[in-house]
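Below is one structure, written out as structure tokens, with a few remarks after it.
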Amino acid sequence: MIIRKYFSGISTIGVLAMTTEDITLLPIFLDKNDVKEVSEVLKTKCLQVNIGGSSLLGSLSVGNKYSLLLPKIIDDEELNIIKNFLKENDLDLNIKIIKSKNTALGNLILTNDNGALISPELKEFKRDIEDALNVEVEVGTIADLPTVGSNAVVTNKGCLTHPLVEDEELEFLKNLFKVEYIGKGTANKGTTSVGACIIANSKGAIVGGDTTGPELLIIEDALGLI
């Protein structure tokens, strides 16, 4: 399933939310009906929480079935909320705090359950990230941009990238993430930072409300949601 949606009028929903196959982190300000709809589309457990007092959960966090990576700015209360949520839902997910100066982990890491691409800005944390996510980790860019998490979306089925990615790079990403589908495109009427506009897993996707029909078809195809 794939739907278009605004989060309280905001179309860059990938900045505000993060999802894996099992959990979705959503901003506190989101209406309960919206939370229910997100859960139904992605088929995940949803938690509304802040990180470091911020609602930019998609920019600040990232994860896969093995681990949830969080920035050093998260406070104890927020961390306990997440830990209790995992325990209550019987989710065996490791939490790793990455003590990087750049706290925008969601913008700098692209991962699924098979592989991860991290920005050169995080290269000194490669071993920590690799151990936590339990996947092969490569250091690199997407379309020569270091914000790999902002410029692509990956699930266990497919990957959508920035439209200027070359075919050779597409093949590299397909092999790294071990996905069947891959493609390049935009969202929200031409936004190239597709990771800022989409939250997705192998079961469904939610795209920013400004996304056009033609863009939606490309996204659906690249993520294998047809």
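The values are calculated or read from the model by the stated rules, or taken from the named source; none is laboratory data. Quick caveat: nothing in here was measured; it's all calculated off a predicted structure. As a convention, Cβ positions derive from the backbone with ideal geometry for all residues, glycine included, and neighbour counts pool all protein chains shown. When the accessible area is computed, the model is the full protein with side chains, heavy atoms only, and any ligands, DNA or RNA have been set aside. Shrake-Rupley method; radii C 1.70, N 1.55, O 1.52, S 1.80 Å.
According to a simple spin-label model (label point 7 Å from Cα along Cα-to-Cβ), what is the distance in nm between residue 28 and residue 75?
0.9
Quick check for me: using +1 on Lys/Arg Cβ and -1 on Asp/Glu Cβ, what's the dipole size of the chain about its Cα centre, in debye to the nearest 20? Present the calculation step by step, with values, prior to reporting the outcome.
Working: 22 positive and 32 negative charges, 78 e Å.
Using Cβ point charges on Lys, Arg, Asp and Glu, the chain gives about 380 debye.
If I take every Cα pair under 8 Å that is 6 or more residues apart in the stretch 66-134, average their sequence separation and divide by the length, what percent do I get for the relative contact order?
Values: 66 pairs, mean separation 28.0, N = 69.
With pairs under 8 Å counted, the relative contact order is 41 percent.
In bins 5 Å wide, starting from 0, what share of all Cα pairs of the stretch 1-42 does each bin hold, as a percent?
Using 5 Å bins, I get a P(r) of 5, 21, 39, 29, 6, 0 for the stretch 1-42.
Can you give the Rg to Rh ratio of the stretch 88-187, both from alpha-carbon atoms, with Rh computed by the Kirkwood formula? Don't skip to the end; give the middle numbers.
Details: Rg = 13.5 Å, Rh = 13.9 Å.
Taking Rh as the inverse mean 1/r over Cα pairs, Rg/Rh reads 0.97.
Counting only DSSP beta bridges with both residues in the stretch 79-226, tell me the antiparallel percent, nearest 5.
On the way: 12 of 20 bridges.
Antiparallel: roughly 60 percent of the beta bridges in the stretch 79-226.
Write down the accessible area per residue of the chain in Å², having rolled a 1.4 Å probe over the full set of protein chains. Each step should come with its number before you reach the end.
Details: 9790 Å² over 226 residues.
Normalised by residue count, the accessible surface of the chain is 43 Å².
Just flag the trypsin sites (Lys or Arg not before Pro) in the stretch 75-127 sitting in loop per DSSP whose Cβ has no more than 14 other Cβ atoms within 10 Å.
Taking the stretch 75-127 and a limit of 14 other Cβ atoms within 10 Å, the loop trypsin sites (Lys or Arg not before Pro) found are 99, 101.
With the full set of protein chains in place, find how many percent of the accessible area of the chain is carbon and sulfur; take the probe as 1.4 Å. Walk me through the numbers before you get to the answer.
Working: 4560 of 9790 Å².
So the carbon and sulfur contribution to the accessible surface is 47 percent.
Can you sort 113, 221 by solvent-accessible area, 1.4 Å probe, largest first?
Numbers: 113 25, 221 85 Å².
Descending accessible area places them as 221, 113.
Considering the Cα trace of the chain, what is its radius of gyration and what is Dmax, both in angstroms?
Radius of gyration, then largest Cα-Cα span, for the chain: 15.7, 45 Å.
Please report how far the C-alpha centroid of the stretch 73-105 lies from that of the stretch 152-226, rounded to the nearest whole angstrom.
Between the Cα centres of the stretch 73-105 and the stretch 152-226 lies a distance of 27 Å.
So how do 138-150, 52-64 stack up, highest first, on mean other-Cβ count within 10 Å?
Values: 138-150: 20.2, 52-64: 22.2.
Going by the mean number of other Cβ atoms within 10 Å, highest first, we get 52-64, 138-150.
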